[in-house]
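Structure first, commentary second.
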Amino acid sequence: MLAVMLNSMGGREAVGRAAGRRLPSVGQARRPPRAYRYTPGPSLPHPPMAELPDKRTQFIDWYLAVVEEAGLSDKRYGVKGMNVWTPYGFRARRNLDSVMVREIEATGSQAVEFPALIPETEFAKEKEHIQGFDSEVYWVTKGGSSPLDVNLVLRPTSETAMYPVFALWVRSHQDLPLNVYQIVNTFRYETKTTRPFLRVREIHFFEEHTCQVDEAAATARVASNLAAFARMAEAFALPFLAVRRPDWDKFAGAYYSIALDIPLGGGRTLQIGSVHHYRENFSGPYGIRYEAVDGSSRLVQQTTFGLSERLLGAILAVHGDRKGAVFPRAVAPFEVVVIPVPSSSAGDLPQRTAGEVAERLARHGLRVHLDAGPERPGAKYYHWELLGVPLRLEVGAREAAARTVTAVTRLGLKSSLPMDGLEEQVVAALAGFDRALAERALAEFRSAFALATSLDELRDSAVVRQLGWCGREECGHRIEEAVDGGLLGVPEGKPPVEAPLPGTCIVCGRTDGVRWALAGRPL
RNA sequence: GGGACUGUGGGGUAGCUUGGUCCAUCCUUCGGGGUUCGGGACUCCGAGACGCCAGUUCAAAUCUGGCCAGUCCCA
C-alpha cells in the first residue's frame, strides 16, 4: 500500500500538518479558512469572505475548491493523477472502506491480497481484456539496470493476477463458490484530465472476484452484489441506478456489465462502480476448471464487483453544498464536533463542560472532536461546516446553566439537547440528519431524469434522458451522438421515471424489443 | 496521440511586452505577544517565493533552449 498514514508528527494531537502545507487541523488551533477566490484577478484590499463557486453553474470548480479547502486530498504531489491522502481525507476513506468490507463480508466474501505486478504473459491471455487495457497500463521493464526477461504490468485491475492462482485453488465443486475481494491500489495511465477521487492514475480499488458453479449461480452472485451495493449506498445516503451497459461499452472481457451510476445534475452522470458477469471468458483462457458431482470437468462461471474512491467523490458531489462538504454519518471523519463558547463571565466553565461532553460521546463510541482552539466560535462554525461534520454541539454559559447543549446539524436543524441521556439524544440527532440528507439527495435524484420522445429533446439536455430503445447498436450510436454523451444502457429493475413501457424506439420507431434506456453525459 | 497556453512564499497574485527601479507587490497563511470571544475579531512583532538545468549578457523573475509539472482544446 502506498497510502501512508501520517502519524507521530509531534506536538499534542498535531495531526493537522503535513509536508509544509496547512491542513485542516484536528487537534490544534484553527483559523478561518483562507478566502477562496475562483476568478483570477488582482487581489482586493479586503478579500471577500470564503466563498465557494456555485455548485450548479460551476460544478467542477466548486468540487475542486471543496476538496482543497476541506483538505481532503493534496494534489501537489508531482505525478499526474497521484494525490496524497491527507489525515482528514484518509479518515473518510477508512470509514468508506469499512462500510464496503462490512457489506461484502456479510455476503460471505473473504479478503485476500494479490501482488501488484503481473507478468506480461499472463496479462495477455484474454484478448479483449488486454485490448481494453493495453493503452493505459504502466510497464515495469527493468530490474535495476537490467532489462527483464518478462515485462511486468502494474495491475490496472487484478483479473490476470488472480486467475492463474484461482486455477490452482479450484479443483472440485466443493471449492465453489469462491468469493474473494481485495482493497488495493491499481494503476491506470489515464490520459484525460485527472480529478481528485473522480479520475486518478493510482486508484484505491475495491474488487471482488468470484467463481461460481454454473451460470445461474453467477447470475445470483451479480444480484447479491447489487443488493450489497444497495446497502452500502444506503449508508452513504446515495441514490443510484444499476444500468446494464450496451455491448459496445461493457468491461473488456465481460459477458455483460452492470454499471452503478449516479446523476450529477445538468444531465451529467458519474459511474461509481460496476458488477460484471464474465461467464467463461476468463476461466477458459486461465483454465479454471472443477470436477462436478457427476465427475465431469467444467469451467467455472465468474463475476466481479468493483468500487473505488470515486464513491467518496460521489458523496462529496451529491451531498456538498454552498458551505462545503456534507458527510453522511457513515463516512464522516468526525460525526460530532464540540465547540465551547467562552464568555468573560463564565471563566473556564464552557471549556470544561465541552471537554466532558466530548469525552462522554467518545466513550459512547462516537467519532467526536473537541475544538478547543483560540478562534472565535463563529470561525469554528464555518470551518467545520466546510469540512462536512454532521453534527455540531455548542456549549456555553447558557447551556451549562440549563444543563443542555445546543445541537446544529450540517443541514441547519437546531435543537437543544438535555445533558441527561445526551449520548442517546446525539445518536438520534445523527440518525435524523442521515434521514434528512437521504431525503434531500433523493429529491435531487428524482429531478435529474426526464422522458424524451424525440432525438431533438436529447440535444443540450439538462437532465438524464429516459427513452425507448430497440437495442440495436446503430440506434444506440445515434442516441449517443444526439446527447453528446453516452447511452448508459437499460436500467435493472424499475427505471427512474415511472412510466408504462415505451411503444417505439426513439430512433427507428420499431416496436419490437423496445425497452427503457438512459442517456446522459458521463463526467 | 496532435495542438495551444501556463509555472513567482503554504494558497492566490503584481512585476515579464521594452533585462537594471526587485536583497520582488498586495491579500491570505504561518510563528510569537496582547486585547478579545453566542456566526468568519483586532493589534504589535516576526517568517516565507521567481519549477529545474543550461545559455545569452556587465546585468535575468523578465530573453533563448532542453527537461519537469499543470491547464485547456482536438482525436
I need to check one value: relative contact order of chain A, counting alpha carbon pairs closer than 8 Å and at least 6 residues apart, in percent. 13 percent
Indicate, rounded to the nearest 5 percent, the antiparallel portion of the DSSP beta bridges found entirely in region A:336-436. 50 percent
Please sort by residue number the GluC sites (Glu not before Pro) in region A:467-523 whose DSSP state is loop and whose Cβ has at most 10 other Cβ atoms within 10 Å. A:Glu498
Could you pull out every whole DSSP H run in chain A that spans at least 24 Å of Cα extent along its own axis and averages -1.0 or higher on the Kyte-Doolittle scale? A:87-105, A:215-235, A:422-446
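Assigning unit charges at the beta carbon (Lys, Arg +1; Asp, Glu -1) and nothing else, what dipole magnitude in debye, to the nearest 20, does chain A show about its Cα centre?
1660 debye
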Charged-residue dipole, Cβ positions (Lys, Arg, Asp, Glu), region A:94-318 about Cα centre, Debye nearest 20: 560 debye
Taking +1 at the Cβ of each Lys and Arg and -1 at the Cβ of each Asp and Glu, which of A:Ala499, A:His277, A:Val368 sits farthest along the dipole of chain A towards its positive end, judged by Cα position relative to the Cα centre? A:Val368
Post the alpha-carbon centroid distance, region A:487-504 to region A:509-523, in whole angstrom. 7 Å
Determine the dipole magnitude for region A:336-436: charges of +1 sit on the beta-carbon of Lys and Arg, -1 on that of Asp and Glu, nothing else is charged, the reference point is the Cα centre, and the result goes in debye to the nearest 20. 160 debye
Alpha carbon centre of region A:98-165 versus region A:296-330: separation in Å? 20 Å
For region A:195-330, the charge dipole (Cβ of Lys, Arg +1; Cβ of Asp, Glu -1; about the Cα centre) points to a positive end, and the Cα of A:Leu307, A:Gly287, A:Ser257 closest to that extreme belongs to A:Leu307
Projected onto their principal axes, the Cα atoms of region A:371-422 stretch, largest extent first, over whole-Å spans of 29, 25, 14
Run the accessible area of chain A with a 1.4 Å probe and give the carbon-and-sulfur part as a rounded percent. 51 percent
Spatially proximal lysines relative to A:Lys250 (Cα-Cα < 24 Å; intrachain offsets below 8 disregarded): A:Lys125, A:Lys127, A:Lys192, A:Lys494
Cα-only Rg/Rh for chain A with Kirkwood Rh rounds to 1.01
So, R0 is 51 Å and r is the distance between the beta-carbons of A:Val140 and A:Asp456; what FRET efficiency does that work out to, to 0.05? 0.50
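Please identify every one of the GluC sites (Glu not before Pro) in region A:79-179 that sits in a loop by DSSP and has no more than 15 other beta carbons within 10 Å of its own beta carbon. If you can, show how the numbers build up before the last one.
Numbers: sites: A:Glu103, A:Glu105, A:Glu113, A:Glu120, A:Glu122, A:Glu126, A:Glu128, A:Glu136, A:Glu159; in loops: A:Glu113, A:Glu126.
Loop-located and lightly packed - A:Glu113.
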Once the in-chain neighbours fewer than 8 apart are removed, the lysines whose Cα is under 20 Å from A:Lys323 read A:Lys55, A:Lys380, A:Lys414
Cα-Cα separations in region A:84-234 greater than 20 Å, expressed as whole percent: 59 percent
Counting only residues 5 or more apart in sequence or on a different chain, those whose built amide H sits under 5 Å from that of A:Arg279 are A:Tyr255, A:Gln302
What accessible area per residue comes out for chain A, rounded to a whole number of Å², with a 1.4 Å probe? 45 Å²
DSSP beta bridges in chain A [antiparallel fraction, %, rounded to 5]: 80 percent
Considering the options A:Tyr181, A:Gly144, A:Thr107, tell which one lies farthest towards the positive end of the dipole of chain A, charges being +1 on Lys and Arg and -1 on Asp and Glu at the Cβ, about the Cα centre. A:Gly144
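The values are calculated or read from the model by the stated rules, or taken from the named source; none is laboratory data. Just so it is clear, the structure is predicted and the values come from calculations on it, not from any experiment. Glycine gets a Cβ as well: all are built from the backbone with ideal geometry, and neighbour counts include every protein chain shown. For the accessible areas, the whole protein counts, side chains as well, though only heavy atoms, and no ligand, DNA or RNA atoms are used. Shrake-Rupley method; radii C 1.70, N 1.55, O 1.52, S 1.80 Å.
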